[in-house]
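Before any comments, here is the structure.
Laboratory data are not the source of any read-out in this text; all were calculated from the coordinates shown. Quantities reported herein were computed from a predicted structural model and do not represent experimental measurements. Cβ placement follows ideal geometry from the backbone for every residue including glycine, while neighbour counts extend to all protein chains displayed.
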Amino acid sequence: MRKMRAMVLEAPRTPLVMRERAIPQPGPGEMLIEIAACGVCRTDLHVADGDLPLPRLPIVPGHEIVGRVAGLGDGVFGVSLGERVGVPWLGHTCGTCDFCRGDRENLCDTPQFTGYTRDGGYATHAVADARYAFVLPQSAGDAELAPWLCAGLIGWRSYRMAGEGEALGLYGFGAAAHILIQIAKWQGRRVYALTRPGDTAAQDFARSLGAAWAGGSDEQPPERLDAAIIFAPVGALVPAALRAVKKGGRVVCGGIHMSDIPSFPYRILWEERQIVSVANLTRDDARSFLAIAPRAGVKTDVTRYPLERANDALADLREGRLQGAAVLIP
């Protein structure tokens, strides 16, 4: 029996452990993927750290999967063996609930999530619902494309929800922000990067990618913002961003988890400012992002880790030691 390797979370707040398993077989509507790269996302960190409820353990984390199709289950058409595909966070939807039927599959009542409720990409192989695997553009290598599958897709959904204003603030300059700034600059917008106070390396990185200004999240940008997107999981940034946006501005919370939002005066919400959250993604998000990112010339800054060093990659992300994105190479 052929074997695969996987880094497995067996209990929250414990290190992942390397396990050897039988290679799974794809069922109807599924595909087997031989993984070439898997991005390390902050959501993986929330899963590992127990910040999210864990309906399934043990679990193989990872939902920024890039690999080649190695097997097809019954009823899968339109993709060939050996073709390069990507698998994102949203791994399955029911297709029948009110949200699915109303073109809001990101809010499905009974979803499955890659690396959270179904095994993900911290492994040499994974099985995916073929409907939620996407043929990838040829514009970049495997490792460089991996962050597109969540940092890119969730960032893109957040970006679209922020509206079309010209002045955009990005709170937290990690994997998602370093992708979005490239699209925003290509579209002619002004981007202001707000990082951990004193994080001059992240601020320099933002400026190198075209930020009009970069500073600490305890500062005010030099002009009022049309919108702000918060990627850092820090609830105190919500009132800070409200103070930074102009009348009618929108604050988008782009993460799956955030610390508690402190109370704030109604005055900073008044004048039709809005706070909205982003949940998951849709296949339309994936299709539109995968079409626009190559046109915008998006390049990702990645740090590669071998699969067995997944715990080191998570630790570096947790401690803010990364520029751009971490990617595991099986």
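Once the chain from residue 99 to residue 263 is taken as fully extended at 0.36 nm per residue, the excess over their C-alpha distance is 55.9 nm. The GluC sites (Glu not before Pro) of region 1-106 that DSSP puts in a loop, and whose beta carbon has at most 12 other beta carbons within 10 Å, are 10. Using the Cβ-Cβ distance between residue 236 and residue 80 with R0 = 51 Å, the FRET efficiency computed as 1/(1 + (r/R0)^6) comes to roughly 0.55.
Counting every pair of alpha carbons in the chain, the share spaced more than 38 Å apart comes to 12 percent. The modelled label-to-label distance for the pair residue 56/residue 68, using points 7 Å beyond Cα in the direction of Cβ, is 2.7 nm. So which lysines can residue 299 reach, going by Cα to Cα under 18 Å and dropping same-chain residues fewer than 8 places off? Qualifying lysines at Cα under 18 Å: 185.
How high is the FRET efficiency from residue 25 to residue 223, r the C-beta distance, R0 35 Å, rounded to 0.05? Plugging the Cβ-Cβ distance into 1/(1 + (r/R0)^6) gives 0.05.
In terms of its Cα atoms, region 113-249 spans 47, 31, 30 Å along the principal axes, sorted from long to short. Our estimate of slack between residue 110 and residue 186, defined as 0.36 nm per intervening residue step minus the Cα-Cα distance, is 23.6 nm. Taking θ as phi - 60° and the Karplus parameters 6.51, -1.76 and 1.60, the scalar couplings of region 269-277 work out to 9, 4, 6, 6, 6, 10, 10, 10, 10 Hz in sequence order, x denoting glycine and proline. Sorted fewest first by neighbouring Cβ atoms within 10 angstrom, 185, 247 come out as 247, 185. Put the Cα centre of region 5-75 next to the Cα centre of region 126-158 and the gap is 15 Å. Report summary: the helix-based calculation at 222 nm, which adds -39500 (n - 2.57) for every DSSP H run with n ≥ 4 and divides by the residues of the chain, gives -6500 deg cm²/dmol.
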